[in-house]
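The values are calculated or read from the model by the stated rules, or taken from the named source; none is laboratory data. This structure is a prediction, so every number in the text was calculated from the model and none was measured. As a convention, Cβ positions derive from the backbone with ideal geometry for all residues, glycine included, and neighbour counts pool all protein chains shown. Accessible surface areas use protein heavy atoms only, side chains included; no ligands, DNA or RNA. Shrake-Rupley method; radii C 1.70, N 1.55, O 1.52, S 1.80 Å.
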Amino acid sequence: MANFEQPTSPRYLSFLKLLGLVVGCLAKFVTGSLFVFNVYADDLKTTFNFTQKEVELQSSLLNLGLGAGFLPGLLYDSLGPTWTSGAGLVVSVSAYLLLWSTTKYTAFYGRNSWLIAICFFVCGIGSVFTYMVALNTNIINFHSKHRGLIVGVLNSFFAVSPSVFSVIYYKVLTGKNRFGDFMLLFAVSFAIVDVLCIIFLRIFTSQEITENVLTIDSTKDESKYLKSSEKYEASYKSIKPVLKTNGSTGIEEHSFNQNDKQDESENSSESGVNLLVNNHNGEQLSIKQLLCNANFHLFTWMFVLAASVGLTLVNNVTVIAKSLHLNQYNGSLVLVVPITTAVLSIFIGVISDLFKEKIPRMSILVFACACFVFSQAIILIFGQLYVLLIIGTFLCGLGISALWTLCPAVMSELFSLENLGRNWGIAILLAAVVGLIIQLVFGTIYDAHVVEGTLDCYGMKCINGGIALALTAAVLSVSLGAAFVIKNRRNSSYVQM
């Protein structure tokens with residue numbers, strides 16, 4: 001990790017960390033604007049005379065750009081927050097200014113929707129630079145015992161952003177060119193927060209970060225070393241540590257003497273999933289090891305499928321409402337998920353910190369995936385009833401709250417903080433790709449039922465196929481999450497024997 005800094009005064013250090021958290025919250029608030037697409041989707045469609053499939057393409061590429069976090073994540077891991085923020089400043093501002101300019105040439109871009117799609121894709125990429133800086137820097141700077149709270153606070157600003165921008169769009173921007181004005185507002189917003197990130201966001205060393213570094217001198221017998229600041233403290237008095245690689249998981253294992261085994265057994269009284277998380281803290285895996293790691297795949301694909309379901313509903317809630325003749329409630333529907341996520345993210349983060357030993361974060365995540373299942377099932381069966389559409393949307397917001405609050409925390413605990421940008425970037429990249437597929441299928445099925453000469457489709461037949469696909473993805477995410485929990489409980493029982 002690049003550019004660690006350590007002020008001498010503890011109070012000054014705490015002040016700088018809190019200041020970084022405030023700036024991170026502002027940055028997350030602005031990057032949350034990505035999920036306000038459903039608010040201006042209708043104006044985008046009418047302004048450029050797009051089909052629903054073309055609108056879904058714009059939305060999907062916007063989120064696919066956000067999913068390209070693998071590359072900004074690598075940049076962050078290598079160069080730190082300052083350079084990453086600078087890259088975000090250039091990319092985001094340029095892309096949103098380009099989108100603003102498209103409204104001056106509507107006929108041309110109406111015939112070439114792929115050009116606007118590329119602009120949205122670049123907007124997504126620019127946003128993920130800012131996203132990575134805000135999230136990763138604050139995860140690293142604060143102790144892991146507060147990680148759920150920190151990510152929850154950041155996620156609440158990320159979540160409340162669409163509702164605030166929705167109010168601005170509906171109440172403040174009243175001109176004929178609302179879409180263009182909105183894109184200009186985003187350009188100015190990203191310029192401001194990225195400059196703040198460049199100035200104020202730094203990575204500060206801490207005792208926890210230092211203790212998580214494992215150094216073994218292959219030429220000397222060391223009397224002791226520290227593997228993890230939280231759960232492992234092994235003393236090596238008579239033998240040199242022997243390091244080997246577990247071929248099935250890519251996880252490093254260490255030989256211990258009898259006293260070490262006894263100490264480990266005493267520390268292993270907690271639940272299986274928590275044992276796994278704590279034992280992996282500080283573990284660095286190469287790309288090859290990561291891609292051969294069963295836990296990484298179970299966890300990541302659980303997140304990918306669940307996140308794709310949430311993304312599809314959030315981006316299409318107004319389309320669903322219009323198909324069901326409920327578009328008069330659009331102003332309320334678009335606020336359900338942002339408000340739910342903003343309120344519940346901090347609560348879920350705090351609960352996961354306080355009761356981590358009794359209620360593993362992974363168990364909460366499996367429950368979150370189940371919320372997506374119930375959400376899609378309710379909309380598929382009872383969506384024509386406004387109250388039940390609200391309930392289905394609320395359950396989706398509950399799932400999103402837990403998913404985006406706890407998954408970054410679990411990723412940092414399962415695998416190394418040093419590679420958080422890379423690992424989390426891979427996860428959101430895959431989520432964006434799967435989300436793209438689901439949304440394109442949704443748009444294709446919708447357009448297949450549109451009457452020739454019109455742009456809109458009405459009736460459950462328009463959305464049944466897309467919602468059914470999302471429901472299938474949600475069921476698969478629950479299955480993968482449950483498989484992760486069962487697998488690692490069995491492994492932990494074996495360790496404790």
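Once the cut-off is 20 Å, how many percent of the Cα-Cα pairs in segment 291-423 end up in the long-distance tail? Every Cα pair in segment 291-423 considered, those over 20 Å come to 48 percent. Under the simplified labelling scheme, the Ile390-His143 pair shows an inter-label distance of 4.3 nm, with each label point 7 Å from Cα along Cα→Cβ. A cut-off under 12 angstrom between Cβ atoms defines the neighbours of Thr51, and their net charge, with Lys, Arg +1 and Asp, Glu -1, is -3.
Separation of segment 20-38 from segment 279-350 is 16 Å, based on Cα centroids. What percentage of the solvent-accessible surface of segment 340-497, computed with a 1.4 Å probe over protein heavy atoms, is contributed by carbon and sulfur atoms? Of all accessible area on segment 340-497, carbon and sulfur atoms account for 75 percent.
Considering only Phe121, Leu135, Gly67, and ranking their Cα positions along the charge dipole of segment 20-141 that arises from unit charges at the beta-carbon of Lys, Arg, Asp and Glu, the one farthest toward the positive end is Phe121. Probing with 1.4 Å while keeping every protein chain in the model, the per residue accessible area of segment 59-190 equals 35 Å².
Please state the shape class of segment 357-443: rounded when a/c is under 1.5, otherwise prolate if a/b exceeds b/c and oblate if not, all from the C-alpha gyration tensor. Oblate shape, in that a/c is at least 1.5 and b/c is the bigger or equal ratio. Short-range pairs are left out: with C-alpha atoms under 8 Å and at least six residues apart, the relative contact order of segment 298-439 is 39 percent.
Can you give the relative contact order of segment 412-497 as a percent, counting alpha carbon pairs under 8 Å and 6+ residues apart?
Once divided by the residue count of segment 412-497, the mean separation gives 20 percent.
Extension gain, Asp456 to Ser479, is 4.7 nm, computed as 0.36 nm per intervening residue step minus the present C-alpha separation. Whole-Hz Karplus values for segment 191-201 come out as 4, 5, 6, 5, 5, 4, 5, 4, 7, 10, 8 Hz, taken residue by residue from phi with 6.51 cos²θ - 1.76 cosθ + 1.60 and θ = phi - 60°; glycine and proline positions read x. Taking square-rooted eigenvalues a ≥ b ≥ c of the alpha carbon gyration tensor, is segment 1-137 rounded, prolate or oblate, where a/c under 1.5 means rounded and, failing that, a/b exceeding b/c means prolate? Judged from the Cα gyration tensor, segment 1-137 comes out prolate (a/c at least 1.5, a/b above b/c). What pairs from Lys45/Lys461; Lys28/Lys487; Lys28/Lys145; Lys288/Lys358 go past 27 Å between their alpha carbons? Over 27 Å Cα-Cα: Lys28/Lys487; Lys288/Lys358. Over all Cα atoms in segment 55-116, the spread is summed up by Rg and Dmax: 14.5, 43 Å. Ranking Asp447, Asp42 from most to least accessible surface, computed with a 1.4 Å probe over the protein chains only, gives Asp42, Asp447. Solvent-accessible area per residue in segment 286-378 equals 35 Å², computed with a 1.4 angstrom probe and all protein chains kept. Between Val90 and Asn177, the contour length at 0.36 nm per residue exceeds the Cα-Cα span by 28.8 nm. Between Gly80 and Ala2, the built amide H atoms are under 5 Å apart, and every one of these is 5 or more places off in sequence or on another chain. Computed with a 1.4 Å probe over protein heavy atoms only, the accessible area of Tyr329 comes to about 80 Å².
For the pair segment 94-127 and segment 459-483, the centres of their Cα atoms are 31 angstrom apart. Computed from phi, the 3J(HN,Hα) profile of segment 369-383 under the Karplus parametrisation 6.51, -1.76, 1.60 (θ = phi - 60°) reads 5, 5, 4, 5, 4, 5, 4, 5, 5, 5, 5, 5, 8, 10, x Hz, with x in place of Gly and Pro.
Going by a ≥ b ≥ c, the root eigenvalues of the Cα gyration tensor, does segment 68-172 fall in the rounded group (a/c under 1.5), the prolate group (a/b larger than b/c) or the oblate group? The shape class here is oblate. For the pair Lys104 and Thr444, a Förster radius of 35 Å applied to the C-beta separation gives a FRET efficiency near 0.70, rounded to the nearest 0.05. A cut-off under 15 angstrom between Cβ atoms defines the neighbours of Ala482, and their net charge, with Lys, Arg +1 and Asp, Glu -1, is +4.
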